[in-house]
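> Structure in structure tokens, see below.
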Amino acid sequence: MGDQLSNARQRLVDAMKMADVTEDLAERLSYPRETLAASLPLRRDDGSLLLLKAWRCRYDDLLGPTKGGLRFHHSTNADEVQTLAFWMTVKCAVMHLPFGGGKGGIQVDYGDLTLAEKERLTRTFVEHYARVFGPARDIPAPDVGTGAREMAWIADYWGQLHHQHSPDVVTGKPPVAGGLEGRAPATGRGAFLALEELAEALGVADGEKRVAVQGYGSGGRHFVRFAHDAGWKIVAVADSGGTVVDPEGLDPDALDKAKEDGGSVADMDGDTRDSDAIFEVECDVLVPAALGGQIDEEMVGKLNCKAIVEIANGPVLPEADEALREAGIEVAPDVLANAGGVYVSWLEWVAGRSGEIIAPDEVDRRLKERMTERAKAVRETAAEFECDLRTAAYIEAARRLDDAVTARGGGCF
């Protein structure tokens, strides 16, 4: 077991002790149910050949078919994929979804590929994993490096291989290919809905409500828009190109224009700094919305915030948990805060299987209802156990998963 997965599991182990669940659950979740590694050949446009490492992990299917994104990134590795699949297992349990946790990835500099190379690679991935994927077994979705385009390629090619039309084999597709209009903003909107419900527990219900956001991809960008429109002040935003700071508040339209015109929010006029400066900006809520592993124990001493809302997967390392508690910085954890995406993915999967058309306003209504209800449950569990919100979310997950183990009885092996 890799260090990242081992560290991630420890949070659930600690929560299981508090939740008084069966020993069977700990044994069941001690290691992934299935991880398939592959070597993918890619013939580049110039005729050269690349062999790329790839993985798909189905961590656990106690609650239903495994569900999780595909990450095409140069740093992806087996430990990361299995850890992300573990977190998805916890996330789906927290959200009371009929899914287990899965994840996939290719270790590749995806941005360096041409469009034709990207499509060939994606279809090669499907060919190697066609026996793993399936609407009732394992359902991919977008993640870092992938999007609606890749999901449409996967659905198309998987359907060709199985001689059937299968819009329910992936989620995050373009609406014309069976996706939902509300899927793209769902992660950012869900995180903001969680923040609103948890504001008092996070200690940020009053005051100027200043927010600093690290990462301006889909999740971060939509979160900024929803927070700004609701009256929160966006005092800083960072991406890989730098950080832009304005204590009076940044305008989302200006941020979007800078990103589109120059490639970075730091191309705006004003106070710009390096990317890491975002962690030291004075704010009420820090929102890590980029890659994982951003806040370690040393970084906690540099933070100038009251609370953290995790949109990225695993932005706060487990080693930082105790330091955050001592600093009085509460965290809305990723397994709750970024779960809006997987909830709307479930709606898309249901629509794909049933043929139902779900209107955007209905998607928004259902997302608000579920995020608010689950955030409230986590808040109440934190009060019941007198623990932090992250531990409470893991207790919620442990209870749900333990119920599934008990329900399965002797068939759970």
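> Mind listing just one residue for me: the one in segment 355-382 that is under 21 Å from the mean Cα position of the chain (by Cα) and among the acidic types (D, E) and, of those, nearest to L180 (Cα to Cα)?
By that ranking, first place goes to D364.
> Also, I was wondering about something else. Is it true that some residue in segment 228-247 is among the hydroxyl-bearing types (S, T, Y), part of a loop (DSSP other than H, G, I, E, B) and surrounded by fewer than 24 Cβ atoms within 10 Å (Cβ to Cβ)?
Yes, there is a match, as at least one residue in segment 228-247 is among the hydroxyl-bearing types (S, T, Y), part of a loop (DSSP other than H, G, I, E, B) and surrounded by fewer than 24 Cβ atoms within 10 Å (Cβ to Cβ).
> With L29, L36 as the choices, which residue is modelled with pLDDT under 95 and of a type in the set (A, V, I, L, M)?
Numbers: L36 fails: modelled with pLDDT under 95.
Answer to the check: L29.
> Right, something else. Quick check on segment 51-58. Is at least one of its residues at pLDDT 95 or above, of a type in the set (A, V, I, L, M) and in contact with a Lys or Arg (Cβ under 6 Å, 6 or more places away or on another chain)?
no
> Modelled with pLDDT of 95 or more and hydrophobic (A, V, I, L, M, F, W, C): does that describe V285? Explain how you work it out, then say what you get.
Values: modelled with pLDDT of 95 or more: yes; hydrophobic (A, V, I, L, M, F, W, C): yes.
Criteria met by V285.
> If only one of K118, K91 is closer than 18 Å to A38 by Cβ, among the basic types (K, R), surrounded by 18 or more Cβ atoms within 10 Å (Cβ to Cβ) and modelled with pLDDT of 95 or more, which one is it? Quick ask: steps written out before the conclusion?
Numbers: K91 fails: closer than 18 Å to A38 by Cβ.
Selected residue: K118, the only one of K118, K91 that is closer than 18 Å to A38 by Cβ, among the basic types (K, R), surrounded by 18 or more Cβ atoms within 10 Å (Cβ to Cβ) and modelled with pLDDT of 95 or more.
> Within segment 3-22, is even one residue under 25 Å from the mean Cα position of the chain (by Cα), loosely packed, with under 13 Cβ neighbours inside 10 Å and in a strand (DSSP E or B)?
Checking segment 3-22: not a single residue is under 25 Å from the mean Cα position of the chain (by Cα), loosely packed, with under 13 Cβ neighbours inside 10 Å and in a strand (DSSP E or B).
> What residue, among those in segment 136-171 that are among the aliphatic types (A, V, I, L, M) and surrounded by fewer than 22 Cβ atoms within 10 Å (Cβ to Cβ), is farthest from the chain's Cα centre (by Cα)? Quick ask: steps written out before the conclusion?
First, pick out the residues of segment 136-171 that are among the aliphatic types (A, V, I, L, M): 136, 139, 141, 144, 148, 151-152, 154-155, 161, 169-170.
When the remaining residues are screened for being surrounded by fewer than 22 Cβ atoms within 10 Å (Cβ to Cβ), the result is 136, 144, 148, 152, 161.
On the way: A136: 21, V144: 10, A148: 16, A152: 20, L161: 29 Å.
Here the answer is L161.
> Report yes if K306 is out of contact with any Leu (no Cβ under 9 Å at 6 or more places or on another chain) and not hydroxyl-bearing (S, T, Y), otherwise no.
Judged against the criteria, K306 is not a match.
> Now for a different question. Of the conditions (1) surrounded by fewer than 22 Cβ atoms within 10 Å (Cβ to Cβ); (2) in contact with a strand residue (DSSP E or B) (Cβ under 6 Å, 6 or more places away or on another chain); (3) within 20 Å of D267 (Cα to Cα), G220 clears all except one; give me its number.
So the condition that G220 fails would be (1).
Yes/no matrix, rows are residues, columns are (1) exposed (fewer than 14 other Cβ atoms within 10 Å of the Cβ); (2) closer than 30 Å to H165 by Cβ; (3) not hydrophobic (A, V, I, L, M, F, W, C):
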{"residue": "D296", "(1), (2), (3)": "yes, no, yes"}
{"residue": "I308", "(1), (2), (3)": "no, no, no"}
{"residue": "N313", "(1), (2), (3)": "no, no, yes"}
{"residue": "D321", "(1), (2), (3)": "no, no, yes"}
{"residue": "G328", "(1), (2), (3)": "yes, no, yes"}
{"residue": "A337", "(1), (2), (3)": "no, no, no"}
{"residue": "A351", "(1), (2), (3)": "no, yes, no"}
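> Return the total of residues in segment 386-411 being loosely packed, with under 14 Cβ neighbours inside 10 Å, touching a residue at least 12 places away in the same chain (Cβ under 8 Å) and of a type outside the set (S, T, Y).
The qualifying residues number 1.
> Quick check on this structure: which one of F125, F133, F192 is crowded, with 16+ Cβ neighbours inside 10 Å, of a type in the set (F, W, Y) and under 17 Å from the mean Cα position of the chain (by Cα)?
F192
The values are calculated or read from the model by the stated rules, or taken from the named source; none is laboratory data. Computed from a predicted structure; not experimentally measured. Ideal geometry is used to build each Cβ from the backbone, glycine not excepted, and the neighbour counts take in all protein chains shown.
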